[in-house]
1. For segment 377-419 and segment 133-156, what is the centre-to-centre distance using only Cα atoms, to the nearest Å?
2. Keeping the other protein chains in place, figure out the carbon and sulfur percent of the accessible area of segment 319-399, with a 1.4 Å probe.
3. Over all alpha-carbon pairs in the chain, figure out the percentage whose distance exceeds 31 Å.
4. Once you charge only the Cβ atoms, +1 for Lys and Arg and -1 for Asp and Glu, what is the size of the charge dipole of segment 100-157 about its Cα centre, to the nearest 20 debye?
5. Per-residue accessible area for S66 at 1.4 Å probe radius, Å² rounded to 10?
6. Restricting to DSSP loop positions (anything but H, G, I, E, B) with no more than 14 other Cβ atoms inside 10 Å of their own Cβ, which trypsin sites (Lys or Arg not before Pro) remain in segment 319-364?
7. Rounded to a whole number of µm²/s, how large is the Stokes-Einstein D of segment 327-467 at 20 °C and 1.002 mPa s, given Rh as the Kirkwood radius over C-alpha pairs?
8. How much mean residue ellipticity at 222 nm does the chain get from its helices, if each DSSP H run of length 4 or more adds -39500 (n - 2.57) and you divide by all residues, to the nearest 500 deg cm²/dmol?
Amino acid sequence: MSYLSSPAEWVAPFVSLLCLAILPAGPVLFPRAYMLLLFTYFSTFLYSQVNHMCKFALMARRLVGSPAYSTRGRSVDEKLCYSASCPHHIHAFIIPNYCEPEGLLRDTIGRLATHSYAKSHYVIVLAMEASETGYETKGHRLQSAFVGDFLQFIVTGHPPDIPGESRGKGSNVAYAARSAFHELNERIDRRRVILTVTDADSAIPELYVQQIEEALAKADDPHLVLLAPPIFFSRNCFEVPAAVRVADITWSAMVMSNLGSTRGLAFPCSTYSLSLCLAERVGYWDTDANAIGEDMHMFLKCFFKTDGQVRTIPILVPINLTNVQTNRGYMANINARFVQAKRHYNGVADVAYALKNAFSTSAPWLDRFIVCCKVLEAHMIPVTSGWLMFAAVPLMQLVLFPPTALLAALVDPAENPVLNSEFFANLWNLLCLITILLPLPLFGTLAIYECMHRHVDRSLFRKRKTESRRWINLFDYIALPIAAWLYMTLPSTLASMKRLSRKKELYIVSEKVFSEDSAPVNTEGLVMLSLGE
């Protein structure tokens, strides 16, 4: 267990074990200290949730009111100039995939092919796994299907047996980026290349590329920024169980709130862009078992390797993704989303990575502190909040106010702090009140999300009212407690505890169902709609 020699490696498993241990032991062995601990935790959690709700509201307002979504008041010439602006950079889209439906990949690439400057400014890097049977044939079929549609189309095959690597998206992206660097046309200026890492199911509108160009033009140094959009699940959301929908809605809201950092210290998720120069400077993507959460990890690596100079710029163009879906039935779909959640929370390795690197960089101490707090919040709050919010107060109620003689024997009435101390009696009442208030910020966030979802569906994705979420879909949130426990608390706890053993993980991708008859949406039309009529 040499990998646990660093104290930072013990943080995640220790927190998860401690949380489970104090649930039954706290009310019995140290009720006073336990009440103070719960009050501190719940108060801090409530403050953070209110803060996240406010940041999400501001980000949603910026997105809905973004000038990019409307050109009302502009002349026709201004609209045409805006929609047809030629990119300054070459955009290389790295699409890592493993056993994905070929139709889904064709759809994702086809959407990019409809962009105005795809033939002159886009490079497709189809990052495949050599362990996938027939990957070369599949890659060449896709390459042949888009001959002449892009400046360059590169197919890479990531070998499965590279020593020291852990198979996954990060190692595949690292191999693809290095390979693409050597295969890029010699006429392409490497300093103008922007790498966009995206998932196989990402529907990227042309507006995203335009907004990247604007953000890079305004940046003090375009080689010291990551550009990250919100994520959105609106492609097959009505074909999956409500618990899956609600889990992904909550995930989307958390990602968008995180992007609202005023200091630019935010983590990208799923799709993000950075310059090839920055990727080279930091040594590309890490490929070991500590880099499973490749998006968050890449930000952390860039931040620490540049001594805190790198910042994240939010790009307010949602990237539409597909929910995990299987055609093997309801429970199989529930389980498929659970498998995905377990893989996501394996990124808990970044807790140790951030804590260790925070002491080996010359970044400003405040930025280091904020980054570490954000990493701890992203991984330790899921581990603790579900258990404490659902079980802590009810269990303490049973022990301190026992309904049966058997439970009454656990705590001597003379030692009951609520009965013998006015301070702890008031603290208990306050604790119960805070417990009631805890879910309210989440409800507020979801209410804002519902309004934003309808706006994005209709303004950007050109959906009719009947194709978007309606008020009847509010009943989805009945499944919220199940989704929270099944897709957040349980997988995050398992991932934290697995840090004690470091067993090699199987490479399992999320299941997706895609109709081969689906045709790419005309993304140019989406941009023109978003520019307003």
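The values are calculated or read from the model by the stated rules, or taken from the named source; none is laboratory data. Here the structure is a predicted model, which means the values were calculated and not measured. Quick reminder, even Gly has a Cβ in these numbers, built from the backbone with ideal geometry, and neighbours come from all protein chains shown. Remember, those area values only see protein heavy atoms, side chains included, never the ligands or the DNA or RNA. Shrake-Rupley method; radii C 1.70, N 1.55, O 1.52, S 1.80 Å.
1. Between the Cα centre of segment 377-419 and that of segment 133-156, the gap is 59 Å.
2. Summing carbon and sulfur atoms, their accessible area is 68 percent of the total for segment 319-399.
3. Above the 31 Å cut-off, the chain has 49 percent of its Cα pairs.
4. The calculation lands at about 240 debye.
5. So the heavy atoms of S66 present about 20 Å² to solvent.
6. Working: sites: R328, R337, K342, R343, K356; in loops: R328.
Hits after loop and neighbour filter: R328.
7. Details: Rh = 20.4 Å.
After rounding, the answer is 105 µm²/s.
8. Value at 222 nm, helices only, nearest 500: -16500 deg cm²/dmol.
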